[in-house]
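Presented below is the structure to which this report refers.
No lab work stands behind these numbers, since they all come straight from the coordinates. Not measured: the values here are computed from a predicted model. Neighbour counts are summed over all protein chains in view; Cβ atoms, including those assigned to glycine, are modelled from backbone coordinates with ideal geometry.
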């Protein structure tokens, strides 16, 4: 939200504090225009995201499988969803103070209030979206062993973290007092308004779009050489790449920035701001859905029961009539040998021998078992494939 407000005759003779006091006393109105669309989008996505997140909590925290520790991606998912519902509440509240309504439906004082609610929404949404993207990236890192892809993910996350940190520093240090951001009559900002805000918004959103694409494309390179059937590979890439939908919403948000510049588009500005809210909210919601779907494999086991392939060679177990054979220790070459003794003595059974029916025929077999130690790299590769197949 830029610290800019067009000339308004109603503000003549009033101080910034008086303007703010009147703005805070405004009564809510019935949502109109794009404000109704905001409510429809927010309520729908809030229900969907809450459902998916609750299922993740049930799977990963309450009914967690034995041996599967809670990961950093789980904690980041919780951290990303935490601010999401407050952001939804602020988006809904803004519609009752003019966000989405045409100019003839709101007063200039109500615009001040609407801009305040929208700025608070953007702040909280940005925190939720950033943590959610980190969670998705760490989910990919759990199954990524190749250094070049890990470096790409770490680089994207590092760049996004630095950008977010810089944006927050700019936002809270630019205007004195901070409320000048939505009420320019309270103080002043050192960065030219509204250019500083738009520059920060373009940079921050562009970095998030780039991160979404890095995270969405990486799974393809991870699973393309795995011994999995095509449907399973497509499922892995589709679920882990859902974050690309968030990037499409972010691109639409970038396209809306010029329309919200009141210097060039002063008429019905809150209608254009409403479109920005819708695309911002869709971006955050798509991110939360993409973040929380991968751990829900347990809920869809029936679908995958007959589809997952097995890798490696399989052999039938040796039958020993219920008795096992103790193998010796491995030698220096990592091999073990076992040899059963044999006897070359035979007893001829005479045709005249009355006791011949009591003789037993014994067959002795020489068995040679050779085992080799497993290459740790192969073991890590097998574990990697297991992690990939377990993620969806």
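Computed packing ranks the peptides 194-205, 77-88 as 77-88, 194-205, most packed first, by mean other Cβ atoms within 10 Å. The value of relative contact order for segment 191-264, using C-alpha pairs under 8 Å at least six residues apart, is 41 percent.
At an R0 of 41 angstrom, the distance between the Cβ atoms of residue 195 and residue 227 translates into a FRET efficiency of 0.15.
Evaluate the relative contact order of segment 59-191 (contact order divided by residue number), counting alpha-carbon pairs under 8 angstrom at least 6 apart; express in whole percent. Walk me through the intermediate numbers first.
Working: 103 pairs, mean separation 32.5, N = 133.
24 percent.
With R₀ set to 45 Å, the beta-carbon distance separating residue 165 from residue 104 gives a calculated FRET efficiency near 0.65.
Using C-alpha pairs under 8 Å with a sequence gap of at least 6, the mean separation divided by the residue count of segment 22-299 gives a relative contact order of 28 percent.
Report the extension gain between residue 57 and residue 14 in nm, rounded to one decimal, defined as 0.36 nm multiplied by the number of residues separating them, less their alpha carbon distance. Mind showing how you got there, number by number?
Working: separation 43, 0.36 × 43 = 15.48 nm, distance 5.15 nm.
In short, 10.3 nm is gained.
With the simple spin-label model, which puts each label point 7 Å out from Cα in the Cβ direction, the residue 43 to residue 64 separation comes to 3.7 nm. Judged by the mean number of other Cβ atoms found within 10 Å, the most tightly packed of the peptides 44-54, 275-285 leads the ranking 275-285, 44-54.
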